[in-house]
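Student: Once you've had a glance at the structure underneath, I'll fire off some questions.
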Amino acid sequence: GNSVTQMEGPVTLSEEAFLTINCTYTATGYPSLFWYVQYPGEGLQLLLKATKADDKGSNKGFEATYRKETTSFHLEKGSVQVSDSAVYFCALNPRETSGSRLTFGEGTQLTVNP
Amino acid sequence: EAGVAQSPRYKIIEKRQSVAFWCNPISGHATLYWYQQILGQGPKLLIQFQNNGVVDDSQLPKDRFSAERLKGVDSTLKIQPAKLEDSAVYLCASSLRHSGNTIYFGEGSWLTVV
């Protein structure tokens, strides 16, 4: 079956530090990959996505590259801000199913201190 | 463009009581999803609709949960009777019909069962 594994949290960083949140997946075929972010008390927001191997998704200074050879989609940001404090979810959407359907990782809590 | 609308935002009920959540998807989105997100975990799909038909309800606890989307637009998720372990955020989401399309989430309905 399909599954997503994220690095365990919580992650605590100082402002302007470099961020990496690891994500690996198991899926048949070539899924689309996503990072969603959930701010306190809010729903999920799409942060970035990649639909094929070697694609790089980017948004708000965050980046992730679809690596088929390592089945990974690690999230990175060069300089985090306090406002980036949130829970980050990696997810995949298999292509074989009709319509779209997401399988999520367990989430990684990020706290950025000033 | 209006996003996915959900209500109520918060609900506290006693165990064995019933509760209903409502969702209005983004206009034109044929596919509607209900996810359950237990605190500290990633969202898990409960049910997926394509227009007014059920595509996947394999993870819906059918002895207590039910969902409908009678006119192919808005949807209702019901829990009866509720158990303590049903305490979670219930996320509604929608997408266009075709595989690979981005899924957009509402802000969620937060349920506490006491």
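The values are calculated or read from the model by the stated rules, or taken from the named source; none is laboratory data. Just so it is clear, the model here is predicted, and its values are computed rather than measured. Here the Cβ positions follow ideal geometry from the backbone for every residue, glycine too, while neighbour counts run over all protein chains shown.
Student: Give the stretch B:50-109 a look and list any residue that's of a type in the set (S, T, N, Q) and within 16 Å of B:Ala30 (Cβ to Cβ), or say none.
Tutor: Taking the stretch B:50-109 as the starting set, the residues that turn out to be of a type in the set (S, T, N, Q) are B:50-52, B:58-59, B:66, B:75-76, B:80, B:87, B:94-95, B:99, B:101-102, B:109.
Listed by number, the residues that qualify are B:Gln50, B:Asn51, B:Asn52, B:Ser75, B:Ser94, B:Ser95, B:Ser99, B:Asn101, B:Thr102.
Student: Out of the residues in the stretch A:23-40 meeting the condition of being loosely packed, with under 15 Cβ neighbours inside 10 Å and closer than 14 Å to A:Tyr88 by Cα, tell me which one is nearest to the other protein chains (Cβ to nearest Cβ).
Tutor: Only one residue tops the list, namely A:Tyr39.
Student: With the condition being in contact (Cβ under 8 Å) with a residue 40 or more places away in the chain, I'd like the strands (runs of 3 or more DSSP E) fully within the stretch B:6-57 carrying at least 3 qualifying residues. Explain how you work it out, then say what you get.
Tutor: Working: elements: B:10-13, B:19-24, B:31-37, B:44-50, B:53-56.
It comes to B:10-13, B:19-24, B:31-37.
Here's the yes/no breakdown for (1) over 10 Å from the mean Cα position of the chain (by Cα); (2) more than 30 Å from A:Met7 (Cβ to Cβ); (3) loosely packed, with under 14 Cβ neighbours inside 10 Å; (4) at pLDDT 95 or above:
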{"residue": "B:Ser27", "(1), (2), (3), (4)": "yes, yes, yes, no"}
{"residue": "B:Leu39", "(1), (2), (3), (4)": "yes, no, yes, no"}
{"residue": "B:Phe49", "(1), (2), (3), (4)": "yes, yes, no, no"}
{"residue": "B:Gly53", "(1), (2), (3), (4)": "yes, yes, yes, no"}
{"residue": "B:Ala82", "(1), (2), (3), (4)": "yes, yes, no, yes"}
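Student: Continuing with the same structure: For the stretch B:68-107: of the residues being part of a loop (DSSP other than H, G, I, E, B) and farther than 21 Å from B:Asn51 by Cα, which is nearest to the other protein chains (Cβ to nearest Cβ)?
Tutor: Among residues in the stretch B:68-107 that are part of a loop (DSSP other than H, G, I, E, B) and farther than 21 Å from B:Asn51 by Cα, the one nearest to the other protein chains (Cβ to nearest Cβ) is B:Glu107.
Student: Answer yes or no: is there a residue in the stretch A:43-57 that is of a type in the set (Lys, Arg), facing chain B (nearest Cβ under 9 Å) and closer than 20 Å to A:Asn22 by Cβ.
Tutor: Yes, the stretch A:43-57 contains at least one residue that is of a type in the set (Lys, Arg), facing chain B (nearest Cβ under 9 Å) and closer than 20 Å to A:Asn22 by Cβ.
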